[in-house]
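K.L.:
Let me begin by handing over the structure; questions about it come next.
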Amino acid sequence: QVQVVESGGGLVQPGGSLRLSCVVSGTVFSDNQIDWYRRQAPGKQLELVGFISRTGATIYEDYVNGRFTISRDNARNTAYLQMNNLKVQDTAVYHCNARHPHEGDFWGQGTQVTVSS
């Protein structure tokens, strides 16, 4: 079965950086678009951060404002979310969604990012 595992979260000060990883197994990784979402508080709506297509094209939500970069390494079955100049409001659980055109969507459990001084 398809498994999606995020890692790399933690506590960072405002202005700091983190790199999140999303490892996908059980599917042909290169066939999947990889979306990054976040949930800023329990019960709050899941919010799209951005995504990387199968061909490597990337799209970001406006609030990212050039601070985040999504990339992928198909040889490692891994996608990354590089986050720079983090703000307190970036505190959230970050989730990865592997989207296959025929197999469907597969979500990870998420990784907590806390931005605080």
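K.L.:
Loop sites only, by DSSP: take the trypsin sites (Lys or Arg not before Pro) in the chain that have at most 14 other C-beta atoms within 10 Å and name the longest stretch containing none of them.
P.N.:
Longest gap between qualifying sites, sites excluded: 1-43.
K.L.:
Also, I was wondering about something else. Report the percentage of all Cα-Cα pairs in the range 28-67 whose separation exceeds 16 Å, rounded to a whole percent.
P.N.:
Cα-Cα pairs in the range 28-67 separated by more than 16 Å: 44 percent.
K.L.:
Taking only Cα atoms and a 10 Å spring cutoff, compute GNM fluctuations for the chain and point out the largest among Gly66, Gly26, Gly43.
P.N.:
Checking each option, the largest mean-square fluctuation is seen for Gly43.
K.L.:
Also: Would you pull out the residues with amide H under 5 Å of Gly110's amide H, same chain only if 5 or more places away, H placed 1.01 Å from N?
P.N.:
Close amide H contacts, sequence-distant or interchain: Glu6, Cys96.
Here, each number is a calculation from the coordinates, and none is a lab measurement. Quick caveat: nothing in here was measured; it's all calculated off a predicted structure. Here Cβ is always computed from backbone atoms with ideal geometry, including for glycine, and neighbour counts include all displayed protein chains.
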